Amino acid sequence: MQKTTELNTGIYILELFAENDFSISAKKFTDVDFPKGYYYYIGSAQKNLNSRIERHLQKNKKIHWHIDHLTTHKSITVVKTYILPDAKKNIEAELANGFVKNFNAEIIVKGFGNSDTKETITHLFYSAVKISAKKLSNINTGN
């Protein structure tokens with residue numbers, strides 16, 4: 001299991017790997033076929049960031065958010081978590097809106113994980129190949 005630091009606020013990117021094609025039981029996404037490969041989920045916590053990330057890393061939990069359908073799926077492994085400490089909520093939307101262009105990613109499904117904002121299409125992105133850790137680690141938050 002990954003370890004996180006004692007951070008309170010910020011933006012995070014979960015890098016997940018799907019070993020096989022899969023589907024999920026979320027009503028809104030039952031007709032979506034998710035291909036095997038890498039998924040990148042952008043989230044934020046304006047308090048208790050460490051606890052939020054630790055929760056995402058748990059396989060056994062009550063389904064609360066869209067991302068829980070992925071993090072609890074038997075075909076999915078959380079590979080890495082990228083943290084942008086103290087990044088403000090608006091950075092989450094900026095990152096999500098530029099993710100396809102900046103990281104050559106795809107949108108498999110609209111409306112995933114962005115129910116708290118109308119500024120983004122989705123917070124879940126797909127890539128058949130792993131996005132460079134160096135490129136993801138060098139995200140500029142403007143802080």
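Every number in this text was worked out from the coordinates using simple rules, so none of it is lab data. All of these numbers come straight from a predicted model, not from anything done at the bench. Here the Cβ positions follow ideal geometry from the backbone for every residue, glycine too, while neighbour counts run over all protein chains shown.
Overview of values
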| quantity | calculated |
| --- | --- |
| Efficiency of FRET between ILE139 and THR72 - r from beta-carbon atoms, R0 35 angstrom, step 0.05 | 0.85 |
| Pairwise FRET efficiency - THR117 versus ARG55, Cβ, R0 = 22 Å, nearest 0.05 | 0.60 |
| Given LYS28/LYS130; LYS61/LYS134; LYS59/LYS89; LYS27/LYS134; LYS28/LYS135; LYS27/LYS74, the pairs whose alpha carbons are separated by over 29 Å | LYS61/LYS134; LYS27/LYS134; LYS28/LYS135 |
| Dimensionless Rg over Rh [the chain; C-alpha; Kirkwood] | 0.92 |
